[in-house]
Amino acid sequence: VADIDAARAFNARTGAPIASIEIKGSSFLNDVVAGPDGSIYITDTGVRFDAKGQMSHPGPDRIVQVIGRQYKVVASFAGQPGPNGIAYDAAAQRFLINAFASKNFFAWKVGQAAPDSVGIGAGAGDGLEILADGRAIYTSWADSSLSVFSNGASTTLLKGLPSPADIGYDPKRQRIAVPLFNDGKVVFVSLPDGK
């Protein structure tokens with residue numbers, strides 16, 4: 001679990017804490033994904049919130065790798081796009097990242113110093129998951145949507161989802177769990193056939 005400036009691990013069955021790793025220099029650790037190498041990758045969106053809830057974007061905008069109980073910064077973003085959602089695309093052997101402060105989608109492979117822009121989405125991206133067919137599904141605060149990103153372009157599936165945060169994908173039932181951050185609830189969206 002990403003917790004602002006720390007990575008925390010819990011027992012999935014009991015909820016008992018297992019580990020807490022402070023990531024020094026982080027401003028807003030955000031999304032978490034397991035990599036094919038067994039380590040954990042976390043986006044640092046680079047934003048901060050003051051006591052009144054006002055957001056600033058001092059950076060850093062980066063990807064952090066957690067290996068066991070150690071960590072290291074493995075990639076940095078130019079231009080402060082606010083990296084948010086991250087998912088591993090096994091077919092392309094790369095990580096896909098959307099951004100909260102940019103419309104750009106980024107691809108990154110282990111060993112690259114900086115991710116490459118690979119297309120445009122709706123902007124203000126948050127949750128991101130890779131579907132079984134290799135397309136990416138994501139949420140956008142910019143237009144309150146759930147959309148699909150594929151081949152550098154974005155297609156909207158559903159609008160009317162205010163403050164849609166990180167998502168969960170159930171491939172067996174072809175459903176997406178979309179938390180509505182400001183409403184304090186989760187809605188379930190069934191993926192239409194062929195979408």
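Taking every residue in segment 158-186 that is farther than 15 Å from Asn84 by Cα and open to solvent by less than 60 Å² (accessible area, probe 1.4 Å) and pairing it with any residue that is among the charged types (D, E, K, R) and part of a strand (DSSP E or B), at least 6 positions away or on another chain, the pairs with Cβ-Cβ distances below 6 Å are Tyr169/Glu129. Listed conditions (1) open to solvent by 70 Å² or more (accessible area, probe 1.4 Å); (2) at pLDDT 95 or above; (3) closer than 24 Å to Ala34 by Cα are all met by Ala132, apart from (2). For the structure I just gave you, tell me whether Ala107 is without any contact (Cβ under 8 Å) to a residue 60 or more places away in the chain and assigned to a strand (DSSP E or B). When the stated conditions are applied, Ala107 passes them.
In segment 116-129, the qualifying residues are those that are outside any loop (DSSP other than H, G, I, E, B) and open to solvent by less than 30 Å² (accessible area, probe 1.4 Å), and the one that is farthest from Leu191 (Cα to Cα) is Gly119. In this structure, does Ala92 turn out to be open to solvent by 60 Å² or more (accessible area, probe 1.4 Å), among the small types (Gly, Ala, Ser) and assigned to a loop (DSSP other than H, G, I, E, B)? The answer is no for Ala92. When Leu146 is tested against (1) open to solvent by 10 Å² or more (accessible area, probe 1.4 Å); (2) under 17 Å from the mean Cα position of the chain (by Cα); (3) at pLDDT 95 or above, only condition (1) is not met. Put simply, of Asn98, Asn104 the only residue that is surrounded by 21 or more Cβ atoms within 10 Å (Cβ to Cβ), in contact with an Asp or Glu (Cβ under 9 Å, 6 or more places away or on another chain) and closer than 22 Å to Phe28 by Cβ is Asn98. Flag: Gln65 matches the condition of being assigned to a strand (DSSP E or B), polar (S, T, N, Q), closer than 25 Å to Ile167 by Cβ and within 17 Å of the chain's Cα centre (by Cα). Is it true that Asp143 is more than 22 Å from Phe28 (Cα to Cα), touching a residue at least 12 places away in the same chain (Cβ under 8 Å), of a type in the set (Asp, Glu) and part of a loop (DSSP other than H, G, I, E, B)? Spelling it out, Asp143 is indeed more than 22 Å from Phe28 (Cα to Cα), touching a residue at least 12 places away in the same chain (Cβ under 8 Å), of a type in the set (Asp, Glu) and part of a loop (DSSP other than H, G, I, E, B). Taking the criterion of being part of a loop (DSSP other than H, G, I, E, B) and open to solvent by 60 Å² or more (accessible area, probe 1.4 Å), the residues of segment 31-59 that qualify are Pro36, Asp37, Gly38, Asp50, Ala51, Lys52, Gln54, Pro58.
Residues in segment 1-30 that are open to solvent by 40 Å² or more (accessible area, probe 1.4 Å), in a loop (DSSP other than H, G, I, E, B) and not basic (Lys, Arg): 9 in all.
The values are calculated or read from the model by the stated rules, or taken from the named source; none is laboratory data. Values in this document were obtained by computation on a predicted structure and should not be read as measured data. Backbone-built Cβ (ideal geometry, glycine too); neighbour counts: all protein chains shown. When the accessible area is computed, the model is the full protein with side chains, heavy atoms only, and any ligands, DNA or RNA have been set aside. Shrake-Rupley method; radii C 1.70, N 1.55, O 1.52, S 1.80 Å.
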